[in-house]
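Engineer: Below you'll find the structure I mean.
Bear in mind that the values in this text are calculations on the coordinates, not laboratory data. The model shown is predicted, which means the values in this text are computed figures rather than measured ones. Because the Cβ atoms are built from the backbone with ideal geometry, glycine has one as well, and the counts that use them run over all protein chains shown.
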Amino acid sequence: MAADVTLLLDVGGQGSRALLIDADARVRFEADRDVATSEHDERVEHDAEAAVSALAALIADVDAACADGGMRIGAAGLAVQRGSIACWDRETGAALSPVISWRDRRALPGMQALADDATEIKRRTGLRFSPYGGAPKLQWCLSQLDAVRAAADEGCLAFGPLGSFLAARVLQGQPFLVEDTLAQRTLLWSRERFDWDPWLLERFGLPATALPPVAESRGSHGALLGVKGAPQLELLIGDQNAVPFLDGEPDPDTLYVNIGTGAFLLRPVPAPVDTPVFQLSLLDRESGGRWAIEASVHGAASAIEWLSRHTGEAIDRARFVGLRERVFDPPLFLNTIDGLGSPWWRSGPRPAFVGEDVAHEGEGGAHVSEDDARRHGLDARLLAVLESIAFLVRANVDAMRELVAPPRRVVVCGGLSRADIVCQLIGSVLEADVLRLRDGEGTALGAWCMVQRRRVPEDRYEAISARSDSALIARYARWLQCLEQDAG
């Protein structure tokens with residue numbers, strides 16, 4: 001007999017991944033497909049049809065793997081990057097815009113007219129008014145893209161989170177739907193109504209008829225195309241919001257750190273918390289709504305990519321091994337890749353290594369002097385970048401202490417967590433042991449837990465003991481002082 005597995009589709013900022021996970025929470029099959037990113041000035045986007053093609057190709061890979069491996073998909077879940085948006089024709093499903101990434105800041109100039117509403121927007125949604133939200137991007141599409149305006153005039157415009165567009169393309173019948181956690185990231189969703197907010201729609205000038213109806217994350221959302229047996233999509237959710245369900249039920253005593261392109265820190269809370277420093281992220285609608293304080297580190301894997309571009313040298317994971325032993329006095333790196341996230345929420349200063357004579361050239365290149373290049377080689381710079389990621393995590397944990405008690409448990413997951421040094425640095429700077437998810441796939445396994453209503457078995461974690469490092473703690477204090485001086 002065929003063994004039942006659960007299919008989890010995880011669509012992130014750089015591509016899509018499919019995993020088949022069995023009843024013991026073990027990954028039986030895994031595949032991924034990259035999607036090209038176009039970056040120019042403030043614009044970060046992907047071709048929408050390429051994103052659909054990548055997901056469809058993964059589904060075909062999964063179907064073949066099931067046939068070869070004697071597996072049967074019992075249920076499916078789709079977790080999607082939260083702040084990215086798309087516009088499409090509701091009748092044909094054809095894309096009318098690119099996928100505009102959460103990192104895209106093209107809508108920033110048009111946001112000035114709503115600056116006075118920032119406090120009220122946060123009160124209603126739980127999220128900060130920022131260009132990373134979906135509404136300013138949708139507003140830009142409606143005003144700047146002829147195809148989007150024409151579809152609106154003809155009454156066939158659909159727009160919203162990327163997850164809604166993908167669901168319409170990979171589910172039977174092209175369903176028109178969104179769920180709460182994705183809807184929240186648009187800045188058009190009400191945390192009191194669990195639905196679109198008429199006041200916010202009016203303020204942004206966006207038509208309610210173009211937005212999909214809001215549903216709960218868990219439910220029968222439609223049958224998946226391209227897979228034998230047409231399993232039901234039983235979960236649609238924002239990628240980060242699935243992570244706290246690794247414990248079956250989100251644990252208020254645990255800090256969940258998911259490290260990929262950026263890093264997100266989620267600390268579940270028993271009741272909504274209003275704070276200007278952090279976002280209030282909905283986890284799911286059950287029990288009247290379950291929430292988490294959310295912190296954002298924008299520069300994680302993207303900071304390593306920045307270093308590779310600006311040094312002209314490829315950086316692979318093999319270089320990470322033994323890095324702390326090879327480098328004794330790394331510089332400090334002001335990690336402002338894609339701007340400073342929480343607890344500062346500022347755009348700059350520009351990324352830089354403290355104390356180096358750096359001359360800025362062109363639209364984003366930093367040319368390092370030969371003397372500094374000799375003094376701080378690639379290993380030292382790489383360690384500085386990795387330390388900066390840990391420092392940003394520590395700064396957010398410190399800021400959270402005004403709202404919640406220190407966490408009793410730290411769970412680390414995500415692609416970058418597979419590098420031992422990243423987990424070791426986080427543990428050392430937090431002065432706490434961490435639990436690393438062995439597979440790294442916190443989003444997919446958290447989604448599996450939501451579909452199965454179970455927790456991940458304890459043997460899926462490994463403990464990373466914190467290494468006492470007074471020099472690292474001292475560098476953190478200097479780094480924090482430099483960052484706050486320059487950011488001020």
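Engineer: Quick check on region 243-488: of the DSSP beta bridges with both residues there, what percent are antiparallel, nearest 5%?
Structural biologist: 80 percent
Engineer: Now, a different point. What is the calculated FRET efficiency for ALA223 to GLU484, with r their C-beta to C-beta distance and R₀ = 41 Å, to the nearest 0.05?
Structural biologist: 0.20
Engineer: Note down the Stokes-Einstein diffusion coefficient of region 157-268 in µm²/s, whole number, using a Kirkwood radius over alpha carbon pairs, 20 °C, and 1.002 mPa s.
Structural biologist: Roughly 138 µm²/s, to the nearest whole number.
Engineer: Quick one: which of 241-250, 33-42 comes out on top by average Cβ neighbours within 10 Å, and what's the full order, highest first?
Structural biologist: Result, highest mean first: 241-250, 33-42.
Engineer: State, to one decimal in nm, how far the label point of LEU403 lies from the label point of ASP24, with both points 7 Å from Cα in the Cβ direction.
Structural biologist: 3.9 nm
Engineer: Which percent of the Cα-Cα distances in region 3-238 go past 24 Å?
Structural biologist: The proportion of pairs with Cα distances above 24 Å equals 43 percent.
Engineer: Distance between the C-alpha centers of region 459-488 and region 195-222? Whole Å please.
Structural biologist: 41 Å
Engineer: Quick one: if you stick a label point 7 Å off each Cα along the C-beta vector at ALA474 and ALA57, how many nm between them?
Structural biologist: Simple spin-label model gives 5.1 nm for this pair.
Engineer: Counting DSSP beta bridges with both partners in the chain, what percentage is antiparallel, nearest 5?
Structural biologist: Looking only at bridges with both residues in the chain, the antiparallel portion is about 70 percent.
Engineer: Gap in Å between the Cα centre of region 385-448 and the Cα centre of region 278-333?
Structural biologist: Here the answer is 10 Å between Cα centres.
Engineer: Quick check on region 243-488: what are the equivalent-ellipsoid semi-axes from the Cα gyration tensor, as sqrt(5λ), descending, whole Å?
Structural biologist: Largest first, region 243-488 gives 32, 20, 16 Å.
Engineer: Highest mean first, how do 172-178, 423-429, 402-408, 125-131 rank when packing is the count of other Cβ atoms within 10 Å averaged over residues?
Structural biologist: 423-429, 125-131, 172-178, 402-408
Engineer: Are there DSSP H segments in the chain that both extend 24 Å or more along their axis (alpha-carbon positions) and score a mean Kyte-Doolittle hydropathy of at least -0.5? List them, or say none.
Structural biologist: 48-69, 378-400, 470-487
Engineer: If you take the alpha carbon radius of gyration of region 1-63 and divide it by 2.2 N^0.38 Å, what ratio comes out, to two decimals?
Structural biologist: Normalised Rg, Cα atoms only: 1.35.
Engineer: So how do 14-27, 213-226 stack up, highest first, on mean other-Cβ count within 10 Å?
Structural biologist: Going by the mean number of other Cβ atoms within 10 Å, highest first, we get 14-27, 213-226.
Engineer: Taking the simple approach of a point 7 Å from Cα along Cα-to-Cβ for both ASP316 and ALA463, what is their distance in nm?
Structural biologist: In this crude spin-label approximation the distance works out to 3.4 nm.
Engineer: Let me ask another. Suppose only helical runs count, i.e. DSSP H with n ≥ 4. What mean residue ellipticity at 222 nm does that imply for the chain under -39500 (n - 2.57) per run, divided by all residues and rounded to the nearest 500 deg cm²/dmol?
Structural biologist: Calculated at 222 nm, the ellipticity per residue is -9500 deg cm²/dmol.
Engineer: Taking just the alpha carbons, could you work out the radius of gyration and Dmax for the chain, both in angstroms?
Structural biologist: Cα-based Rg and Dmax for the chain come out at 22.0, 67 Å.
Engineer: Residue separation times 0.36 nm, minus the C-alpha to C-alpha distance between ASP116 and ASP379: what's the value?
Structural biologist: That pair, ASP116 and ASP379, stretches by 90.1 nm at full extension.
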